[in-house]
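Okay, structure first, notes after.
Any read-out appearing in this document is the output of simple, stated calculations on the displayed coordinates, not a laboratory observation. As the structure is a prediction and not an experimental result, all values here were calculated from the model. No Cβ is skipped: glycine too gets one built from the backbone with ideal geometry, and neighbour counts run over all protein chains shown.
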Amino acid sequence: MIESAATLFKDQTRYFQGFEKKGLPNRKTERWKFTPVASLYQKEWNPQAAISAGELDEFSDFVSFDSLGELSKSKNCEVKKLKPSEIESFFQQFETTKFWQEDDSLFQWHLSQLDHFYHIKYTGEETLSLTHSLGSGALVNYGIVFEITSPKATVLESFLGTRGQTYHQTSRFFDLKENQDIKHVIVNEATPEQSQQIWTFANLDHDKAQYHGLQVNFGGGLVRSNPFINIQKPHSFGEFNGFYFLTGADHFDFYSQIKHFSGETESNQVVKGLLHDQSKFAFTGNIYISKNSQLVNAAQFNKNLVMSNQAQAFGQPQLEIFADDVKCSHGSTTGQFDIDELFYLNARAISPTKAKRLMAQAYGLELIQMVDNDVLNTYLTGKLTSKLKTAYGESR
Amino acid sequence: MIKINDLHVTVEDNEILKGINLTIKPGEVHAIMGPNGSGKSTLAKVIAGHPSYEVTKGSIEYTINNQAKDLLELEPDVRSKEGIFLGFQYPIEIPGISNLNFLQESFNEVCEYQGAPKMEEKEFLDFLQPKLEELKMTPAFLYRPVNDGFSGGEKKKNEILQLKILNPRLALLDETDSGLDVDALKVVAGGVNSFKTKFNSTLLITHYQRLLNYIEPDFVHILSCGKIVESGDKSLALKVEEKGYDWLA
């Protein structure tokens, strides 16, 4: 149980007081109504020795963190732990931005408990691979500020469930430069006993900036992803897509905000996936267009395939439009595999099990193929295919 | 090859087929014509095993390698592995899966079932090349998502490509000619004709006699209100072209 702020920097006490004032969210708290988190905060955590899942062989530029949030290893990038005064000034400035989550007690709780805060500078143009190890019976909180200097680069973050329970909270901050194109992919392989909060803040405060986010979620007992994008200058584009494949009692809550504070900007969001067994998914996608942001083009779509009569999907696409000359679309559908699509594959000698696996694969690949990075594309395709082959096996 | 006896089929409590009797022998080409809603596509889908249709009466006996099987007992994928092919009127689009991946999965499933070695990608590409050329398809087809963004003609060519890859014993071609211009029709018909051997049989479903100018049937049947009401040779198709279906009522 957590009863006080951590002691990394001074303002943590203030953030903890902000959390205490609002208290833990419950089912009546709009932005947390699908995800019961109270027990995670009331639980006694008993951290064990750190575990490191290591780094991915496919990528030569990497950073790896162990299961207690400490830096394990890095190559071809600069990683430094920020000093308390640097963290202090970062968040004092952050409080003044349009990202500040005043209503969200858990974000303030996350800040109040930060154990580590890293600055990662990447000057490469390829893929920087970050691995986060999960486990060790620990409650872990850390944050990362990315400084990407090249005009085009990809950041891949992999959450690798090693062993043991954890409540793992991370936040990451991107500030894009003019004409910069950043791809950011999160692959989550948490185990059923592991819980997470994944906060992402992408600030597009320069002309012609492009941020392409994607989360591929393969599990986790309770996973909450909070991607927030602020598009503040013209000709900029922001997207955060998601694919999920849930089994058992997995729970995935995708809560996103994409805000347009400038005209002539674009955004896109496609979040889709499959639910099996007793799994649960909640999508809340908010697109906000401020009063003077004319000529915005924004699209959002959520599609859920429910494969079991005990699985549950909730879709809440939301538009808040204050400008009068914009193009916006949104929608959410929930259903099952199309019987004619499956029959088409069966009529081509493909067994029912393999047909379902191929359809699920197609579902995910449609999003993965949008990632314009051949190496990452190949890696993600292989990962998805192998996950689905294992999941469907011969019996499902 | 296939013997359909007194076949009755319903979908959502509506009886669509009301006692079909049809025998197709090895090497024969049969054409089924009939007005809209007469049950032509239903018949093809039932033979291929579509799960939405319920057979309430009758039987389908399928003989391959001198072994007679109760077709209705076989799952749709097993029917395909046993040599039954349905060319779809509306081929399904599958964004996210490349045509090559789909074709290779399909082909290797049949190989595995029949005890033949599976093909790796390079060998499979070599195997595909002459078939693509015959159908005037470029290799770029293989790397596009299955039927996604294909024109009507491209989709139908893709169906015939699958026919040639899987090399079935019985091909059920449901309105393979619809949506094709005359050049594409010739290419598709050429693909179907090259499938014809003394072992293979074809059941063509079509609205128009024009397809039969390119693929010559041995028998033509008229299906109306769920029953075969007339059978004959190619001249029957010409009569339908001239007089429509009213004279059969």
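Over segment B:1-117, with a single point scatterer placed on each C-alpha, what log10 of the ratio I(q)/I(0) does the Debye formula yield at q = 0.15, 0.22, 0.23 1/Å? Evaluating at q = 0.15, 0.22, 0.23 Å⁻¹ gives log10 I(q)/I(0) of -0.78, -1.37, -1.43. Among beta bridges from DSSP that stay inside chain B, the antiparallel ones total about 60%.
Can you put A:W45, B:W247 in order of Cβ neighbours within 10 angstrom, beginning with the fewest?
Values: A:W45 15, B:W247 10.
Final ranking by Cβ density, sparse to dense: B:W247, A:W45.
Each DSSP beta bridge with both residues in segment A:12-336 is either parallel or antiparallel, and the antiparallel ones are about 5%. Rounded to the nearest 20 debye, the dipole magnitude of segment A:339-396 is 340 debye, with +1 charges on Lys and Arg beta carbons, -1 on Asp and Glu beta carbons, and the Cα centre as origin. Amide H to amide H distances under 5 Å link A:G213 with A:H184, A:E239, A:F240, A:N241, where only residues 5 or more positions off or on other chains count and H is placed in the peptide plane. Grouping the Cα pair distances of chain A into 20 Å bins from zero gives a pair-distance distribution of 28, 61, 11, 0 percent in increasing distance order. Around the amide H of B:G19, modelled in the peptide plane, lie the amide H atoms of B:L7, B:H8, B:V9, all under 5 Å away and 5 or more residues distant in sequence or on another chain. Per-residue Karplus couplings for segment A:329-337, computed as 6.51 cos²θ - 1.76 cosθ + 1.60 with θ equal to phi - 60°, are listed in order as 9, 7, x, 8, 10, 9, x, 10, 4 Hz, Gly and Pro entered as x.
Would you please give the FRET efficiency between B:S178 and A:Q92, computed as 1/(1 + (r/R0)^6) with r the Cβ-Cβ distance and R0 = 60 Å, to the nearest 0.05? The pair B:S178/A:Q92 has a calculated efficiency of 0.30.
The average projected area of segment A:110-235, computed from the convex hull of its Cα atoms over all directions, is 7.2 nm².
Phi angles of segment A:61-71 translate, via the Karplus equation with coefficients 6.51, -1.76, 1.60 and θ = phi - 60°, into HN-Hα couplings of 9, 8, 9, 10, 10, 7, 6, 9, x, 8, 5 Hz per residue; Gly and Pro are given as x. Couplings for segment A:240-252, taken from phi via the Karplus curve 6.51 cos²θ - 1.76 cosθ + 1.60 with θ = phi - 60°, read 9, 9, x, 10, 9, 9, 10, 9, x, 10, 3, 9, 10 Hz in order; Gly and Pro are left as x. In this structure the amide hydrogen of A:S129, modeled in the peptide plane, comes within under 5 Å of the amide hydrogens of A:D61, A:F62, A:V63, A:L156, none closer than 5 places in sequence on its chain.
From the C-alpha coordinates alone, can you work out the Kirkwood hydrodynamic radius of segment A:339-396, in Å?
Values: mean 1/r = 0.0828 Å⁻¹.
So the Kirkwood estimate lands at 12.1 Å.
For a modelled paramagnetic label at A:E125, 7 Å from Cα along Cα-to-Cβ, the residues of segment A:141-165 in reach, with backbone nitrogen under 13 Å, are A:149-154. In units of the compact-protein estimate 2.2 N^0.38 Å, chain B shows a Cα radius of gyration of 1.00.
Computed on segment A:250-310, the Cα convex hull volume stands at 66 Å³ per residue. Here A:E58 and A:D277 are evaluated by their C-beta separation; at R0 = 25 Å the FRET efficiency comes out at 0.25.
The Rg/Rh ratio for segment B:105-234 is 1.00, where Rg is the radius of gyration of the alpha carbons and Rh is the Kirkwood radius. Would you mind checking A:K80/A:K152; B:K18/B:K239; A:K43/A:K259; A:K75/A:K233 for any pair whose Cα atoms are more than 27 angstrom apart? In this structure, A:K43/A:K259; A:K75/A:K233 lie more than 27 Å apart at Cα. For segment A:71-136, the normalised intensity computed at q = 0.28 Å⁻¹ comes to -1.21 (log10 of I(q)/I(0), Debye sum over alpha carbons, equal scatterers, no solvent).
Let's test the formula: R0 of 60 Å, r as the Cβ-Cβ distance of B:Q114 and A:K291. What FRET efficiency results, to the nearest 0.05? Could the numbers behind the result be given before it?
Details: r = 67 Å, r/R0 = 1.12.
The calculated FRET efficiency here is 0.35.
Normalised by the number of residues in segment A:339-396, the mean separation of alpha-carbon contacts (under 8 Å, six or more apart) gives a relative contact order of 38 percent.
Placing pseudo-labels 7 Å out from each Cα toward the beta carbon at A:D338 and B:D6 gives an inter-label distance of 3.8 nm.
Using the 10 angstrom Cβ neighbour count as an exposure proxy, how do A:D277, A:D181, B:D174 rank, fewest first?
On the way: A:D277 14, A:D181 18, B:D174 22.
Exposure proxy ranking, most exposed first: A:D277, A:D181, B:D174.
Looking at the protein assembly as shown, what % of its DSSP beta bridges pair antiparallel, to the nearest 5? Could you put the intermediate results ahead of the total?
Details: 34 of 180 bridges.
Antiparallel: roughly 20 percent of the beta bridges in the protein assembly as shown.
For B:K198, the aspartates and glutamates whose Cα falls under 15 Å of its own Cα, not counting residues fewer than eight places away in the same chain, are B:E28, B:E216, B:D218. In summary, the aspartates and glutamates within cross-link reach of A:K387, defined as a Cα separation below 12 angstrom excluding same-chain residues under 8 places away, comprise A:E189.
In percent, what relative contact order does chain A have, based on Cα pairs under 8 Å that are 6 or more apart in sequence? Don't skip to the answer; put the middle values down first.
Working: 1043 pairs, mean separation 37.1, N = 396.
Relative contact order of chain A: 9 percent.
Between B:T23 and A:A391, the modelled label-to-label distance comes to 5.1 nm, taking each label 7 Å out from Cα in the direction of the beta carbon. Which of the lysines could be linked to B:K243 by a straight reach, that is with a Cα gap under 19 Å, when you skip same-chain ones fewer than 8 residues away? Within the straight-line limit of under 19 Å, B:K243 reaches these lysines: B:K234. Using bins of 10 Å that start at zero, the share of Cα-Cα pairs per bin across segment A:182-228 amounts to 24, 46, 22, 8, 1, in whole %.
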